[in-house]
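Shown next, in structure tokens, is the structure this report addresses.
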Amino acid sequence: MANQSSPSPIYCASFNQDNSGFAISWNDSFKIFDSTTGRLCYERAAGAFVIVEMLYSSDLLAIVGAGEQASLSPRRLCLFKTTTGSPLRELNFLTSILAVRMNKKRLVVVLLEKTFVYDLNTLVMLDTIDTVPNPKGLSAFSPSLDGCYLAVPASATKGSVLVYNVMDLQSHSEIDAHRSPLAAIALSSNGMYIATASEQGTLIRVHLVSEATKSYSFRRGTYASTIYSLSFGPSTQLPDILIATSSSGSIHAFSLKLAINQRSKRSTSFLGSVLPDSVSDALDPAHHHVLQNAVSSGIRSYAVVRKIDQLEGTSSRFTSLRATVSVITYSGYFQEYTLSINNKNESVWTLEREFNLFSETTNR
């Protein structure tokens, strides 16, 4: 692993809705990259931004300044066109914007105690959701128009999640996931599954959104650790893989489909009820594949599963699943790994490429 140090800390890092591109920002500019090739697609030196949110691979960005310049207020959301290099529309709020989510029809803006839902095309405000204090702007969004859910904390004292349908403009459910407050939330791209982690960081739970009270748990570790990110693999049904990053510097992959399918054969229901916060509810640790020391301990990182390949073979060690995992470290590096899991549930992590995000220049 390269020496991951940089004089310029990253302010924000985000992948787009299908993980085909990602954006980073630091103290004087932001950049847009193509995830597949690593090519720098766009760069703008216009100050520090705490939010740079892409709309798939279009030229539309939602950007929010860090407040280090008067013109870059953290209370102002700017919809920005990369093709023209100019603002398209601005929205101003009474308090700082903590998160922004988009799909092709909805724009969601998360503040400390309120979340606003807009029609993306007209910017007409459709609904206001009163929330518990959410200083980290913790939220998850499924961009699918058929299962378009937003998830935000429902309690400041325990790990409850409010799941809201942004297309129907109504609350869908509330999930009691953990005893401790939430640290990370992720929704699958189709909105069918939600993953949660608490501030303890020892258990990661996966819930079927339509059955809000039922879950499966994966044990990340015995000691507490801060979960930085959760991400499902791409799938139209149950995702194969769930990826997590933590303050330990490790990347955790959980064989979701294999583990749940094996347990469901021994259960009377697809997602059987479990005893909350008990050791016995954690699935077989054999389905937990860890890459140790991928990032220096304490360095924030963000990982997604970009691609899953199901492979056929005849050898006893043939690769049954191959996942492409992309990682952004807040020390300024992009990493891409291949995770191969064979029919014996044995895994191998291979670093395919790594480069410094600060040193990349636009390939015109």
In debye, nearest 20: dipole of the chain around its Cα centre with unit charges on the Cβ of K, R (+) and D, E (-)?
-> 280 debye
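Of all the accessible heavy-atom surface of the chain, with the other protein chains kept in place and a 1.4 Å probe, what percent is carbon and sulfur?
48 percent
Just add up the charged neighbours of A99: K/R +1, D/E -1, any other residue whose Cβ is under 10 Å from the Cβ of A99.
Details: positive: R101, K136; negative: E53.
Combined, the nearby Lys, Arg, Asp and Glu give +1.
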Give a residue-ordered list of calculated ³J(HN,Hα) values for segment 61-77 (Karplus: 6.51 cos²θ - 1.76 cosθ + 1.60, θ = phi - 60°; whole Hz; x for Gly, Pro).
-> 10, 10, 10, 9, x, 8, x, 6, 10, 4, 7, 10, 5, x, 9, 10, 9
With a 10 Å radius around each residue's Cβ, average the other Cβ atoms per peptide and rank 136-145, 201-210, 69-78, highest first.
-> 201-210, 136-145, 69-78
May I ask you to evaluate 6.51 cos²θ - 1.76 cosθ + 1.60, the Karplus curve with θ = phi - 60°, for each residue of segment 172-179 and list the ³J(HN,Hα) values in order in whole Hz, giving x for glycine and proline?
-> 9, 6, 10, 10, 8, 9, 9, 7
Sort the following peptides by mean Cβ neighbour count (other Cβ atoms within 10 Å, averaged over residues), highest first: 171-177, 81-87, 43-49.
-> 171-177, 43-49, 81-87
S229 long-range amide H proximity, modeled H, under 5 Å | T245
Where segment 9-94 is the region considered: accessible area per residue in Å², 1.4 Å probe | 41 Å²
Label assignment, Rg and Dmax of the Cα atoms in Å derived from the structure, set (i) 19.9, 64; (ii) 20.7, 67; (iii) 24.9, 97 | (i)
Residue by residue through segment 324-341, which ³J(HN,Hα) values in whole Hz follow from phi under the Karplus form 6.51 cos²θ - 1.76 cosθ + 1.60 (θ = phi - 60°), with glycine and proline marked x?
-> 9, 10, 9, 10, 10, 9, 7, 8, x, 10, 10, 10, 10, 10, 9, 9, 10, 10
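Taking the highest mean first, how do the peptides 241-251, 51-61 order by number of other beta carbon atoms within 10 angstrom per residue?
Working: 241-251: 23.4, 51-61: 19.3.
So the order, starting with the most tightly packed, is 241-251, 51-61.
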May I ask you to list the lysines whose Cα is less than 22 Å away from that of K344, ignoring any residue fewer than eight positions away on the same chain?
-> K257, K265, K307
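For every helix of n ≥ 4 consecutive DSSP H residues, a contribution of -39,500 (n - 2.57) applies; sum these over the chain, divide by its total residues, and give [θ] at 222 nm rounded to the nearest 500 deg cm²/dmol.
Values: 1 runs with 9 residues, N = 364.
It comes out at -500 deg cm²/dmol, rounded to the nearest 500.
The values are calculated or read from the model by the stated rules, or taken from the named source; none is laboratory data. Predicted model, so just to flag it, every value in this text is computed and none were measured. When we count neighbours, we look across all protein chains shown, and the Cβ atoms used for this are built from the backbone with ideal geometry, even at glycine. Accessible surface areas use protein heavy atoms only, side chains included; no ligands, DNA or RNA. Shrake-Rupley method; radii C 1.70, N 1.55, O 1.52, S 1.80 Å.
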